Amino acid sequence: MLEVRYRTARALPLGRPETTAPDRSGILIRPADAEARLTLRVRDPGRSAADLLLDRPINTVAGDEGRWIARLGPDEWLIGTAEYEADALAATIAADLAGKAHALVDISHRNVGIDLSGAHAAIALNAGCPLDLGEAGFPEGSATRTLLGKAEIVLIRRPGPSPRYRVECWRSFATYVHGFLQEAAFGVGHGE
Amino acid sequence: MLLIACPYCGNRPETEFRCGGQAHIARPADPTALDDDAWSAHLFVRANPRGIHAERWCHAHGCGRWFNALRDTVSDRFLETYPVGAQPSRSIETEARA
Ligand SMILES: [Zn+2]
C-alpha cells in the first residue's frame with residue numbers, strides 16, 4: 001500500500017503532455033497528463049457510489065474532465081479522477097458499496113490517456129476503429145471499449161458539441177496507439 | 001462489415017467478438033457416472049449443421065459479456081442474439097416455415 005499512499009511522480013510512456021499546434025488536419029492529439037483510474041465490477045450496484053451515478057445506460061460516460069465515470073458493461077465501470085484524489089475516492093466508493101460483493105481496483109499505472117479534438121477527429125479514429133462515430137452512432141457522452149488497429153482501447157466522447165475524444169489504452173500499447181493516431185491525422189490532413 | 005447485435009451494446013462490428021462454439025451444452029450432472037465414450041462425446045462431439053446453429057459469442061472487445069446467437073452457417077447471417085440462460089424465439093423449424 002506504500003505505493004498507493006505516497007505516489008511519486010510517474011514517468012509516462014509518451015512523455016509529459018505538451019500542446020502542439022494542430023497540423024493541416026486540424027486534429028489535436030495530446031497525451032493526457034497522469035490521472036488516476038479505477039475499475040469497478042459489481043453485479044447489483046444500486047444507484048450511485050461516491051456521488052458517481054452507476055445506474056446509467058451502458059456505453060455512456062458522465063462527469064467532466066476532472067472526474068468521469070464510464071459504464072462499459074452491465075457490471076463494469078471505469079472511473080477517472082485527479083491523481084491525488086485516487087485514494088480518497090476509492091475509499092469512499094468502497095464505503096458506499098460496503099456489504100455488496102464488488103471489486104474496485106486501481107489501474108492508474110496500466111492506463112494511458114490520449115486526448116483528441118478537432119472537427120475531423122472521428123475520421124482519424126476511424127482509420128483504426130470500426131465503430132460508427134457519427135452523431136447518431138456515437139453522440140457526445142458515449143464511451144465504450146473497442147479496438148484501434150490491433151490494440152484494445154476505451155473510446156470516450158466528451159460532452160459538448162465540438163468533437164473531443166479520449167482514447168484510453170494500456171501502457172504497453174501507448175506508443176503504438178499514439179503513433180497510429182498521429183499517422184491517421186497526417187493522412188486526414190494530406191488527403192485530397 | 002458484418003454487424004453482430006450484442007444484447008447489451010446493440011449492433012457492433014464483428015471484429016470485436018469472439019466465437020465460443022456450440023451453445024446450450026449442459027455439463028453432465030454426475031460426470032463420474034459416465035463411461036469414457038459418453039464423457040468424450042460431451043467434451044468433443046459437436047454439431048456441425050449446414051444451416052441454423054446456436055453458438056456462444058463473447059463481446060470480447062466491448063462489454064466483455066458472453067451471449068448466445070443463432071447463426072445460419074450457409075449465409076453467415078445472424079438470425080437472433082439472446083442472453084445466456086435464455087432460449088431463442090426462433091428455431092430450425094420456425095425458419096423452415098418462414
Ligand atoms: Zn456488448
Total residues in the stretch A:30-59, condition buried (at least 18 other Cβ atoms within 10 Å of the Cβ), within 16 Å of the ligand (Cβ to nearest atom) and outside any loop (DSSP other than H, G, I, E, B): 0
Within the stretch A:121-157, work out how many residues are crowded, with 20+ Cβ neighbours inside 10 Å, away from chain B (no Cβ under 13 Å) and either closer than 26 Å to A:A90 by Cα or in contact (Cβ under 8 Å) with a residue 60 or more places away in the chain (or both). 4
Condition check: over 18 Å from the mean Cα position of the chain (by Cα) and over 23 Å from B:A60 (Cβ atoms). Does A:A82 satisfy that? no
Leading residue by the ranking (farthest from A:R43 (Cα to Cα)) among those in the stretch A:65-81 that are in contact with a Lys or Arg (Cβ under 9 Å, 6 or more places away or on another chain) and charged (D, E, K, R): A:E65
Could you pull out the residue among B:L70, B:L43 that is surrounded by 12 or more Cβ atoms within 10 Å (Cβ to Cβ), over 15 Å from A:T146 (Cβ atoms) and away from chain A (no Cβ under 14 Å)? B:L70
Within the stretch B:16-57, how many residues turn out to be in contact with a strand residue (DSSP E or B) (Cβ under 7 Å, 6 or more places away or on another chain) and either of a type in the set (D, E, K, R) or farther than 21 Å from B:E80 by Cβ (or both)? 5
Mind checking which residues of the stretch B:1-42 are part of a helix (DSSP H, G or I) and of a type in the set (D, E, K, R)? B:E14, B:E16, B:D36, B:D37
Applying the selection to the stretch B:73-98, what residues are among the polar types (S, T, N, Q) and either within 13 Å of the ligand (Cβ to nearest atom) or surrounded by 11 or more Cβ atoms within 10 Å (Cβ to Cβ) (or both)? B:T73, B:T81, B:S91, B:T94
If we keep just the residues of the stretch B:12-40 that are within 16 Å of the ligand (Cβ to nearest atom) and in contact (Cβ under 8 Å) with a residue 40 or more places away in the chain, which is farthest from the other protein chains (Cβ to nearest Cβ)? B:G20
Of these, A:L89, A:L78, A:L72, which one is assigned to a helix (DSSP H, G or I), buried (at least 19 other Cβ atoms within 10 Å of the Cβ) and touching a residue at least 24 places away in the same chain (Cβ under 8 Å)? A:L89
Selection within the stretch B:51-60 - within 21 Å of A:A151 (Cα to Cα) and either crowded, with 21+ Cβ neighbours inside 10 Å or within 8 Å of the chain's Cα centre (by Cα) (or both): B:W57, B:H59
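Every number in this text was worked out from the coordinates using simple rules, so none of it is lab data. Computed from a prediction, not measured in an experiment: that's the story for all the values here. Cβ coordinates were reconstructed from backbone atoms using ideal geometry, including for glycine residues, and neighbour counts include every protein chain displayed.
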